[in-house]
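Q: Before we start, here is the structure in question, set down as structure tokens.
The values are calculated or read from the model by the stated rules, or taken from the named source; none is laboratory data. Keep in mind it's a predicted model, so treat the numbers as computed, not measured. Using ideal geometry, Cβ is built from the backbone for each residue, glycine included, and neighbour counts are taken over all protein chains shown. All accessible areas refer to the heavy atoms of the entire protein, side chains included, with ligands and DNA or RNA removed. Shrake-Rupley method; radii C 1.70, N 1.55, O 1.52, S 1.80 Å.
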Amino acid sequence: VDFSIIDITGGNKDNVIPNECSVQLCIKPSDYDSFFSEYNKYSELIINELKSSEPGLEMTTSALDDTAVESDYMALSKDMKEKLVKLFNILPNGVHTMSADICGMVESSSNLGIMRTEDDYIKVCVSVRSQKQSYIDYICKRLSVIADMLDATFDTAFGYPGWDIKPESDFRDMLCSVYRDVTGKEPEVTSIHAGLEGGVFYEKMPDMDIVSIGPDVRNVHTVNEY
């Protein structure tokens, strides 16, 4: 079914997994029934596939005012629409690699954080994270290649480096000893997949022994984080 895209908007922060996205479409009256037949089929399929990971997922539609569409909106060109569809199909999103050193820990990932239609272009922001800078460089190279394939521009900004856990750490051992003395409990030492300020210090002083101490955080990088 043929359709035109007027606008697409989703996400507010580049490093937050978006909780909603909206797209405005135009379809011919003669295609109305066939379009919604396809829409209903695939929305039911998607919601069923994600019922465990996204139990609250909803897909809803509402009609735009015909007069407003005619006077206030311009649709994307066919070429731009096709490039946008291709982008959704090839854009890397989610977990890329798992750690070979720490069982169950994500090594590198990326997420599509922001997408919005501006006056004459579509802005897409992807957040990339990894303990190893080489993985960050690799994912950014993939994004750059995708941008070239779609005749888009690609820029990086606001990057922060990662750092690996040290097998031997006098500082960490000292902190664990203090924790035992103060709480009477055994500390849990682990690596996490997140961006922290320690990476900035490590990039400047790679010999520094760094340990991060923080609270338990749930639903990290989502709007439900606490």
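Q: With only Lys, Arg, Asp and Glu charged, each at its Cβ (+1 for the first two, -1 for the last two), find how big the charge dipole of the chain is about the Cα centre; round to the nearest 20 debye.
A: Roughly 420 debye for the chain.
Q: What is the percent carbon and sulfur in the accessible area of the stretch 150-226, measuring with a 1.4 Å probe over the protein chains and ignoring ligands?
A: 53
Q: I need the semi-axes of the equivalent ellipsoid of the chain: take the C-alpha gyration tensor, multiply each eigenvalue by 5, square-root it, list largest first in whole angstrom.
A: 44, 21, 15
Q: For the chain, with every protein chain kept in place, what is the accessible area per residue (1.4 Å probe, Å²)?
A: Result: 72 Å² per residue.
Q: Another question about this same structure. Relative to the first principal axis of the alpha-carbon coordinates of the chain, what is the inclination of helix 133-149, with its axis defined by its Cα atoms, in degrees from 0 to 90 and to the nearest 10?
A: Here the helix axis deviates by roughly 10 degrees.
Q: Which of the GluC sites (Glu not before Pro) found in the stretch 38-108 are in a DSSP loop and have at most 13 neighbouring Cβ atoms, other than their own, within 10 Å?
A: Answer in residue order: Glu58.
Q: In degrees between 0 and 90, to the nearest 10, how far off the longest principal axis of the chain does helix 78-90 point, with axes built from Cα atoms?
A: The helix 78-90 is inclined about 30 degrees to the chain.
Q: All other residues with a Cβ under 15 Å from the Cβ of Glu82 taken together, and with Lys, Arg as +1 and Asp, Glu as -1, what is their net charge?
A: +1
Q: Which net charge results when you count Lys and Arg as +1 and Asp and Glu as -1 among the other residues whose beta-carbon is under 14 Å from that of Val223? It would help to have the intermediate numbers written out before the result.
A: Values: positive: Lys13, Arg218; negative: Asp14, Glu20, Glu54, Glu225.
Taking every Cβ under 14 Å from that of Val223, the sum is -2.
Q: If you stretched the chain out fully between Tyr42 and Thr222, how much longer would it get, using 0.36 nm times the residue separation minus the C-alpha to C-alpha distance?
A: Numbers: separation 180, 0.36 × 180 = 64.80 nm, distance 2.50 nm.
Once the chain is fully extended between Tyr42 and Thr222, it gains 62.3 nm.
Q: For the stretch 1-134, which whole percent of the accessible surface, found with a 1.4 angstrom probe, sits on carbon and sulfur atoms? Please list the in-between numbers first.
A: Working: 4650 of 9210 Å².
The computed percentage sits at 51.
Q: Using a 1.4 angstrom probe with every protein chain in place, what is the largest-first accessible-area order of Arg180, Arg218, Arg172, Arg116? Display every interim value, and only then the final one.
A: Values: Arg180 95, Arg218 120, Arg172 40, Arg116 65 Å².
From most accessible down to least: Arg218, Arg180, Arg116, Arg172.
Q: Turning to a different aspect of this structure: Kindly express, to the nearest 10 degrees and within the range 0 to 90, the angle between helix 32-49's C-alpha long axis and the longest C-alpha principal axis of the chain.
A: 20
Q: Taking a 1.4 Å probe, which of Phe36, Phe158 shows the most accessible area, and what order do the others take after it?
A: Ranking Phe36, Phe158 by accessible area, largest first, yields Phe158, Phe36.
Q: Set the bar at 21 Å for Cα to Cα. Now go through Lys13/Lys204; Lys41/Lys123; Lys13/Lys132; Lys28/Lys78; Lys141/Lys166; Lys13/Lys78 and name every pair that lies beyond it.
A: The pairs that break the limit, which is 21 Å between Cα atoms, are Lys13/Lys204; Lys41/Lys123; Lys13/Lys132; Lys141/Lys166; Lys13/Lys78.
Q: Report Lys78's accessible area, 1.4 Å probe, all protein chains in place, as a number in Å² to the nearest 10.
A: 150
Q: A further question on this structure: What number comes out for the charge environment of Ala147, summing +1 per Lys or Arg and -1 per Asp or Glu over other residues with Cβ under 13 Å away?
A: Residues near Ala147 contribute +2 overall.
Q: At a 1.4 Å probe radius, which order do Phe35, Phe88 fall into by accessible area, largest first?
A: Phe88, Phe35
Q: Please enumerate, by chain and number, the aspartates and glutamates with C-alpha under 18 Å from the C-alpha of Lys51, excluding those fewer than 8 residues away in the same chain.
A: The qualifying aspartates and glutamates are Glu20.
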